[in-house]
Each structure stands twice: as structure tokens, then as C-alpha cells.
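Scroll down for the structure; my scribbles are underneath it.
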Amino acid sequence: MLAERIDELKTIIAGNDGKNAADDRFARAVDDLMSAVYDDIGEIKDLPTRALFDLFVIKVLYVGRGSRHADVIDYLAELLDTHLNTRALYPPGADGKPRTMYFSDMLDRKTVGDHYETPFEAYRSYADNALFLSGVFHSSLHRRRSSAAGMMRRQRTSGVDNEYYVSTGKTMYRMAARHDLAEQPQRTTLGRLADCFEIYADALKEMSERYIMGFDMQLISDKMLDNFNRYRESHDEAYLTNARRYAAILRLDSGRFPSLFGG
């Protein structure tokens, strides 16, 4: 049922491609679905991950940032779904072990040939990885540049920072969009990803913090209060159990809320 309602939203987006149809009614429908995902927190919902990511992208990018392009909404949801598999981020090297691919690797024909069927796939794959990392894992990639000591520490490590993935990701999307194997409308989509890379990375960052790596704490708080109030009205223990589950996510001090935790 939830998946069908999400598909209805996607149909509206596709039917209004090139403009944003997120009026008050549309936004309320999205919020209702977001709320439904958090209902009965102890129950595993039969909702495909792709549908869940569709909803997150619609909420954060389409409603939250006024995106106008159905192809980008679809592309980013697919990106999140496929990159749950870390092999998409780190393809195996010659020894069979996962390895990190850098911008210089994409310019090496032998390296590209060892891992990808065509340079086009290499460029697009690298750009996807860069967007995913700079969005979903933004915090872990962020490095301060305020001191020489900090720069020296970075030079002694093998990692790269968020700015590296932003700049190289944009370049790779442009190279993929201009490649002979890129077809319309794919060429258009890749061009949009290059032009608005920072906007999409920022949207993925918000999704990560609020929904993927964390929780929407305001929504969790509302759910806790709703369930506790329903318990007080009905004395149904199921509502109290749910309220306590939401409270656990919020890490509330049980000693400060005896009416909730006292039984």
C-alpha cells in the first residue's frame, strides 16, 4: 500500500516534468507517507528499499528544494538503492579485494579497461560514487583547512576530503555526458548532475542525517507523544510499548519521565 502511494507521487512528478508540482496538498501527502513509515516502529514493513529511497528523495529534494526534473529524482533514488552494496563503491582489484578508485585512475586506459566495459561506464560510475560519498558520508569526508598542521596530517593519510569528490565528481559527470555512448535523455540527466552536483550532494547529506544514518527526531518525538497520549486514553499497553520504543531512539532519561517508564 505504501509503495503504491509513493508510485502515485512519482506519477504526478513525471506528469509535471520541468516544473515543480509540490503544492500544499502534495507536501501533506509526502508528510503523511513519511509519518506512516515510522508507525508501529517494532514492526518490519513490507516496503522495498527503492520505494523508501524514492520517498526520501521526493521529501528532501522535490518538496524541500523545489527540484523540477523527474529524471534526477529517479536517478538519485536508484543511486541510493544500488550503493547499499559496497561493491558498487569499491570494485575489486586484480587481487579480488575492494579498492578505492581515484580521478587519476579514470584517466588511465589500462585501469579503466580492467574494471569497466567502456570509459563511459567508468566516468559515470566514478561520478555516482563521488556523489554518494560526498552526500551520504559528507561528515566523515569533511576536513578542516584552517591550519598548516591540519594540512600536514592530511598529507600523511591516504584519504581524500569532500571537496575532492565534489570537484572530480562534477568533472566525471560532464565527461560521461559528453561521451559518444551517452544517449538522450541520459546525456541531459548527467549534465544536470554535473551542473547541480553540490545541490544534490547537500540533499543526500540531509537524507543521510535525517533518514538513512539517523532519524527525524522531531517526527520521532511527535510519534512518542501521540502513542503515550493514546495509552493514557485507552490504557492499551501496545501504545505504551511503542511510546517507549520511540523514547529509546530519543535516548530519554527514564528517571525524568516516570509516567512513561514507570509502567
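What follows is calculated from the coordinates using simple rules that are stated; it is not laboratory data. Remember, predicted model here, so these are calculated numbers, not experimental data. When we count neighbours, we look across all protein chains shown, and the Cβ atoms used for this are built from the backbone with ideal geometry, even at glycine.
From most to least packed by mean Cβ count within 10 Å, the peptides 185-197, 118-130 give 118-130, 185-197.
When you count the other C-beta atoms within 10 angstrom of each residue and take the mean per peptide, 4-11, 169-176 line up highest first as 169-176, 4-11.
Here the stretch 217-261 has an Rg and Dmax of 9.6, 25 Å, counting Cα atoms alone.
Remark on the stretch 2-68: ratio of C-alpha radius of gyration to 2.2 N^0.38 Å is 1.10.
Roughly how large, in nm² to one decimal, is the mean projection of the convex hull of the alpha-carbon atoms in the stretch 166-242?
Computed as one quarter of the Cα hull surface, the answer is 7.7 nm².
Backbone phi angles across the stretch 58-74, fed through the Karplus curve with coefficients 6.51, -1.76 and 1.60 (θ = phi - 60°), yield HN-Hα couplings of 4, 5, 7, 9, 6, 7, x, 10, x, 4, 10, 10, 5, 5, 6, 4, 5 Hz in residue order; Gly and Pro are listed as x.
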